[in-house]
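Participant: Provided herewith is a single structure, encoded as structure tokens, for subsequent inquiry.
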Amino acid sequence: MSLIITSPLRGWATTLDSVPDPVFAQRMMGDGVAIEPLGDTIVAPFDGEVVTLHDAGHAISLRSAEGAEVLIHIGLDTVMLKGEGFTPLVAIGQTVARGDPLIRFDLDAVALAAPSLITPVIVTNAEAFAISRRSTDCAIGACEALMTLVPVQANVRRSSDDGIVIEQTVKLALPHGIHARPAARICEAARGFQAELHLLNGDKRGDARSTVALLALGTRFGDEVVVQARGDDAEAALAAIAALLATDMGETAPAAPSAAAPPRTTLQVGQIGGVIASPGLAMGPAARLRQAEIAVASEGVGAAEERAALLAARDAVRAHIAARADSGDASIAAVMQAHLALIDDPELIAGADARIAAGRSAGFAWRGAIHDQIDAIRATGNAHLIERIDDLVDIERQLLSALTGTPLDGAAMAAGAIIVADDLLPSQLVALAAANPAGVCLTRGGPTSHVAILCAGMGLPALVAMGAALGAIEDDAPLLLDAELGHVTLRPSPADAAAFAARLAKRAARRDAAQAAAQEACRTADGTRIEICANLGSAADAQFAAAQGAEGSGLVRSEFLFLDRETAPSEDEQHAAYQAIADALPGKPVIIRLLDIGGDKPAAYIPIAEEENPALGQRGIRVALARPDLLETQLRAILRVEPVGACKIMIPMIASIDELRQVRTLVDRLRSDMAIADAVEVGVMVETPAAAMTADLLALEADFLSIGTNDLTQYVLAMDRGNPAVAAGVDAMHPAVLRMIGETCRRATARGRWVGVCGGLASDPAAVPILIGLGVTELSAVPGFVAEAKQIVRGLTLSEARAHAELALQCKSAAEVRALSRAFEETRR
Ligand code: PEP
Ligand code: MG
């Protein structure tokens, strides 16, 4: 468990190197951070106990419940002042909570009397705790994160024949264990050291510089992994890798599938079902991809020749991959980067080299080395890792092709064909994409494989895991690929083909019409104004959204400024970001959601004690109200945006009206401090059943209400939105969620307040008519859906939307609601 040490006072954080006293600069008392004080009160940096308090009142040390010991030494040579200017506020042995005042001092008097005011904050028991993150060279407020400590499970030292091995055990904080992305980061960090570095998981041991070896460890969240280091810089290498492993490396829990993921429908004769890897529709002839084995001789002609041949082939493949990585497409570039790491993977190279030394050919040796790793990954049983095996097979084939001169298959495919294959390797897909295929059907594969990600990036409809039945499809057989409902129809009847062609044409026409009318205001067919806005995370999103016709933003997720950093963004930084978003949407409303931290969105510098139920704990506005310093800074940054009122304020995770009142009071005080006469709208998010059922009460004091269907669904259904085990059930089209939405609209509109939806349901085409029928008048969707949402609304009358919504409320399940929506769409063709 890591421990966050918050700053004991306001000031400028700097490294110990800048302390003009060798005792601190040379870490004689331990490692830490120094602060040039701007405040005059030392506060507790964590919950703990006062262990020492010097008689002169200039130094204090505390111990946390976890056992971390921290010394705070105010100024240099201040012991000489014999207590003059220092007022201790606690006693030795006293229990304190983070933020409790410990010592007050006279900043001016001490500054005049002492050589320096610089205040080292030192971890004095380095044998038990290491610093994994620290804030330096930045302004810092009291109680903002200063350091993160990770327990050092004693560096065990062992002697071996070839030197001392030191090791440390780390509990993995990565939500999916070490999969491809974290493995690449660990390798990169390991390459910065000379020492040999290995990771051990149970009886498996892998080179920390080899991504495949790290994958083959088969680690999972919470595993105790041993890091071993040997060599000159072993201590530093061990500390760096252990610290990295103790963090989540920015990985978050798996996202639940989109609320729009349709259920599998019953298959008709001639249809083969599959898992949707990339949504869409396609029709065209099948183009079977047969993947011939590339034959290689087992015996080599001499180790030197085989090594040279392997080296040349690796060079050729590396150049080829690097050229593809430059294609300008981010998803292709990411996959190509992963392949570049494999071609230079030390474990693969060592495996191949050992075989070459034993007399094997380069090709045979490379294939053997790859298959060793595939076997190891398969043995982990981890589905997430197993989906990465196709990358290894891909690298095997590319290298063998380069070695033997065998051309890789698939280049000659007619445009508009549907690729049918047992499986598809990422490099094959990239090569085939040049021929403009219409879709992809795979016997195997997984929805989160690299091929799936590439297909989605290319807008290529794809079904995977279709099973052996796909083998019956012959070359040129006409196919209807429905990656909306999850099946392919083989040799369709003329009537089915015509109906499908009509659906395709309708999609295309709707897309074109939507794009052409993207900039026009949105009204229902009978004239009711519905605002279609976009959810944003940055100014770049805002520019894209504006081009898509967004009429403002119904949700700016301000967390984008706060996550993945060591300290909170300053008022100026926030102001610049909000102003840039407002500037990208001139004259249009921009709703900035206040910091929504906690639950699935932690920030290191906002310490939240470990909670058994984070989704029901400190999150959203509860965190902001507990940290008025952060809240006030954010509100000031929003209020400074010009023109005044361009940015509205929205409060996340409201459960009671009192939370709204507290924010409103603060906003009013800041407006008066800042001499802002104009009113600034303050609205609430409806994400809890409590907010939905008291929407009438909230509407008395809120300027608007916006429903966060992602959280509302989680709380109404009592299903964790990030838990894959219940992901299939987390569908916002569940009648219980729709009833909550209807209830919110009924209660709030009766009080004259508008209700919007900014959760994922606003981006689901099937849900749009229902939401409008329930009384929602603003939708804030993903930017790419804005134009289409406008077009859907334009095709509706309010009365038909209401009738449709009424039927949806009577459905018994989300599946029934979705079936109803499909039927609704059918009748409107
Ligand atoms: C929601 O809960 O629907 C929402 C919009 O907030 P987030 O997804 O950011 O939690
Ligand atoms: Mg939410």
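Participant: Look at the range 609-638 and say how many of its residues are in contact with a strand residue (DSSP E or B) (Cβ under 8 Å, 6 or more places away or on another chain) and closer than 22 Å to Ala677 by Cβ.
Facilitator: Looking only at that region, the number is 2.
Participant: Can you tell me how many residues within the range 583-606 are more than 16 Å from Thr633 (Cβ to Cβ), crowded, with 23+ Cβ neighbours inside 10 Å and within 16 Å of ligand 2 (Cβ to nearest atom)?
Facilitator: The qualifying residues number 3.
Participant: Taking the condition of being more than 14 Å from ligand 2 (Cβ to nearest atom) and at pLDDT 95 or above, how many residues in the range 714-735 meet it?
Facilitator: So the count comes out to 4.
Participant: For the range 689-713, which positions are within 13 Å of ligand 2 (Cβ to nearest atom) and open to solvent by 10 Å² or more (accessible area, probe 1.4 Å)?
Facilitator: Passing the criteria: only Asn710.
For every residue, the table says whether it meets (1) at pLDDT below 95; (2) closer than 12 Å to Ile592 by Cβ.
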site	(1), (2)
Ala646	yes, yes
Met650	no, yes
Thr665	no, no
Val682	no, yes
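Participant: Using the structure shown, decide if Ser538 is within 16 Å of ligand 2 (Cβ to nearest atom), surrounded by 16 or more Cβ atoms within 10 Å (Cβ to Cβ) and under 29 Å from the mean Cα position of the chain (by Cα).
Facilitator: No: the conditions fail for Ser538.
Participant: Please give the number of the condition Ala609 fails out of (1) open to solvent by less than 30 Å² (accessible area, probe 1.4 Å); (2) under 22 Å from the mean Cα position of the chain (by Cα); (3) closer than 29 Å to Ala142 by Cβ.
Facilitator: Result: Ala609 passes all but (1).
Participant: Looking at the range 621-631, which of the residues that are over 20 Å from Val680 (Cβ atoms) and touching a residue at least 12 places away in the same chain (Cβ under 8 Å) is farthest from ligand 2 (Cβ to nearest atom)?
Facilitator: Residue satisfying both the conditions and the ranking: Asp629.
Participant: Let me ask you something else. Would you mind stating whether Ala501 is assigned to a helix (DSSP H, G or I) and closer than 29 Å to Gly775 by Cβ?
Facilitator: no
Participant: If a residue has to be open to solvent by 20 Å² or more (accessible area, probe 1.4 Å) and of a type outside the set (Gly, Ala, Ser) to count, how many in the range 568-577 make the cut?
Facilitator: Of the residues in the range 568-577, 4 are open to solvent by 20 Å² or more (accessible area, probe 1.4 Å) and of a type outside the set (Gly, Ala, Ser).
Participant: Name the residue that is modelled with the highest pLDDT, counting only residues in the range 1-37 that are of a type in the set (Val, Ile, Thr) and over 31 Å from the mean Cα position of the chain (by Cα).
Facilitator: Among residues in the range 1-37 that are of a type in the set (Val, Ile, Thr) and over 31 Å from the mean Cα position of the chain (by Cα), the one modelled with the highest pLDDT is Ile35.
Participant: Right, Phe500: within 16 Å of ligand 1 (Cβ to nearest atom) and either open to solvent by less than 60 Å² (accessible area, probe 1.4 Å) or in contact (Cβ under 8 Å) with a residue 40 or more places away in the chain (or both) or not?
Facilitator: No: the conditions fail for Phe500.
Participant: For the range 597-609: of the residues being part of a loop (DSSP other than H, G, I, E, B) and out of contact with any Phe, Trp or Tyr (no Cβ under 9 Å at 6 or more places or on another chain), which is farthest from ligand 1 (Cβ to nearest atom)?
Facilitator: Here the answer is Ala609.
Participant: Can you tell me which of Ala615, Ala580 is more than 16 Å from ligand 1 (Cβ to nearest atom), open to solvent by 30 Å² or more (accessible area, probe 1.4 Å) and touching a residue at least 12 places away in the same chain (Cβ under 8 Å)?
Facilitator: Ala580
Participant: May I ask you to list the residues in the range 221-241 that are in contact (Cβ under 8 Å) with a residue 40 or more places away in the chain and surrounded by fewer than 19 Cβ atoms within 10 Å (Cβ to Cβ)?
Facilitator: Phe221, Gly222, Asp223, Glu224, Val226, Gly231, Asp233, Glu235, Ala236
Participant: On the basis of being among the polar types (S, T, N, Q), open to solvent by 40 Å² or more (accessible area, probe 1.4 Å) and touching a residue at least 60 places away in the same chain (Cβ under 8 Å), does Thr749 make the cut?
Facilitator: It is false that Thr749 is among the polar types (S, T, N, Q), open to solvent by 40 Å² or more (accessible area, probe 1.4 Å) and touching a residue at least 60 places away in the same chain (Cβ under 8 Å).
Participant: Do we find a residue being among the acidic types (Asp, Glu) and either at pLDDT 95 or above or farther than 16 Å from Ala431 by Cα (or both) anywhere in the range 355-377?
Facilitator: yes
Participant: Select, from Arg491, Arg511, the only residue that is within 17 Å of Ala286 (Cα to Cα) and open to solvent by 50 Å² or more (accessible area, probe 1.4 Å).
Facilitator: Of Arg491, Arg511, the one residue that is within 17 Å of Ala286 (Cα to Cα) and open to solvent by 50 Å² or more (accessible area, probe 1.4 Å) is Arg491.
Participant: Against the conditions (1) within 16 Å of ligand 2 (Cβ to nearest atom); (2) in contact (Cβ under 8 Å) with a residue 60 or more places away in the chain, where does Met740 fall short? Just the number, please.
Facilitator: Every condition holds for Met740 apart from (2).
Participant: For the range 632-690, how many residues meet the condition of being over 30 Å from Leu717 (Cβ atoms) and charged (D, E, K, R)?
Facilitator: 11
Participant: If I ask for residues that are more than 17 Å from Ile395 (Cα to Cα) and open to solvent by 10 Å² or more (accessible area, probe 1.4 Å), which ones from the range 422-444 would you list?
Facilitator: Asp422, Ala433, Ala434, Ala435, Asn436, Pro437, Ala438, Thr443, Arg444, listed by residue number.
Participant: For Ala25, state whether it is under 20 Å from Met147 (Cβ atoms), without any contact (Cβ under 8 Å) to a residue 12 or more places away in the chain and open to solvent by less than 60 Å² (accessible area, probe 1.4 Å).
Facilitator: yes
Participant: Still on this structure, I have one more. Restricting the range 632-658 to residues that are buried (at least 20 other Cβ atoms within 10 Å of the Cβ) and without any contact (Cβ under 8 Å) to a residue 60 or more places away in the chain, which is nearest to ligand 1 (Cβ to nearest atom)?
Facilitator: Residue satisfying both the conditions and the ranking: Pro652.
Participant: When only residues in the range 811-829 that are farther than 24 Å from Val716 by Cα and of a type in the set (Lys, Arg) count, which is nearest to the chain's Cα centre (by Cα)?
Facilitator: It comes out as Arg822.
Participant: Which condition does Ala521 not pass, out of (1) among the hydrophobic types (A, V, I, L, M, F, W, C); (2) assigned to a helix (DSSP H, G or I); (3) touching a residue at least 24 places away in the same chain (Cβ under 8 Å), if it passes all the others?
Facilitator: Ala521 satisfies all of (1) among the hydrophobic types (A, V, I, L, M, F, W, C); (2) assigned to a helix (DSSP H, G or I); (3) touching a residue at least 24 places away in the same chain (Cβ under 8 Å) except (2).
Participant: Follow-up. Hey, among Leu700, Leu670, which residue is away from ligand 1 (no atom under 16 Å from the Cβ), touching a residue at least 24 places away in the same chain (Cβ under 8 Å) and in contact with a Leu (Cβ under 6 Å, 6 or more places away or on another chain)?
Facilitator: Among Leu700, Leu670, only Leu670 is away from ligand 1 (no atom under 16 Å from the Cβ), touching a residue at least 24 places away in the same chain (Cβ under 8 Å) and in contact with a Leu (Cβ under 6 Å, 6 or more places away or on another chain).
Participant: Sort out which residues of the range 22-47 are assigned to a loop (DSSP other than H, G, I, E, B) and of a type outside the set (A, V, I, L, M), and write them in order of number.
Facilitator: Gln26, Arg27, Gly30, Gly39, Asp40, Pro45, Phe46, Asp47
Participant: Looking at this structure, is Arg523 crowded, with 21+ Cβ neighbours inside 10 Å and within 23 Å of Gly784 (Cβ to Cβ)?
Facilitator: no
The values are calculated or read from the model by the stated rules, or taken from the named source; none is laboratory data. Quantities reported herein were computed from a predicted structural model and do not represent experimental measurements. Note: ideal-geometry Cβ built from the backbone for every residue, glycine included; neighbour counts use all protein chains shown. Heavy atoms of the whole protein, side chains included, go into the accessibility calculation; ligands, DNA and RNA do not. Shrake-Rupley method; radii C 1.70, N 1.55, O 1.52, S 1.80 Å.
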